[in-house]
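The values are calculated or read from the model by the stated rules, or taken from the named source; none is laboratory data. None of these values were measured; they are calculated from a predicted model. So basically every Cβ, Gly included, is an ideal-geometry build from the backbone, and we count neighbours across all protein chains shown.
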Amino acid sequence: MTNARRNRVLRASEIGSYVYCARGWWLGRVLGLTSAHQEKMALGQEEHRGHGRRVVGYHRLQRLGYVMLALALLAALSILCLWLAGAPLH
């Protein structure tokens, strides 16, 4: 793929950048200038990665909680069935 063709592809992140600041998008996309705030942007990207890791961890813990709840319900149903059948529970 040639550079001219690759430059015609508009990515979703660029649309967000354009909506946020059309002039900033133009300066970067058309003129090829970079932001003077590279350090702040790098810190922001790291913060986003950290947040993403926390969200993934939260979802894993949530699934584990659902599994534990299901196991507890199964144990309770088993005990109830044994009790209704008249089997000793000790």
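What to note about this one:
- Of all residues in the range 28-48, those satisfying the criterion of being of a type in the set (A, V, I, L, M) and in a helix (DSSP H, G or I) are 41, 42, 43.
- Residues of the range 8-27 that turn out to be in a helix (DSSP H, G or I) and either among the hydrophobic types (A, V, I, L, M, F, W, C) or in contact with a Gly (Cβ under 6 Å, 6 or more places away or on another chain) (or both), as a count: 7
- Search result, residues across the range 13-34 that are among the hydroxyl-bearing types (Ser, Thr, Tyr) and exposed (fewer than 11 other Cβ atoms within 10 Å of the Cβ): 13, 20, 34
- Test: residue in the range 49-69 that is of a type in the set (D, E, K, R), assigned to a helix (DSSP H, G or I) and touching a Lys or Arg at 6+ places or on another chain (Cβ under 8 Å): no
- Test: residue 44 is at negative phi, modelled with pLDDT of 95 or more and out of contact with any Ser or Thr (no Cβ under 9 Å at 6 or more places or on another chain): no
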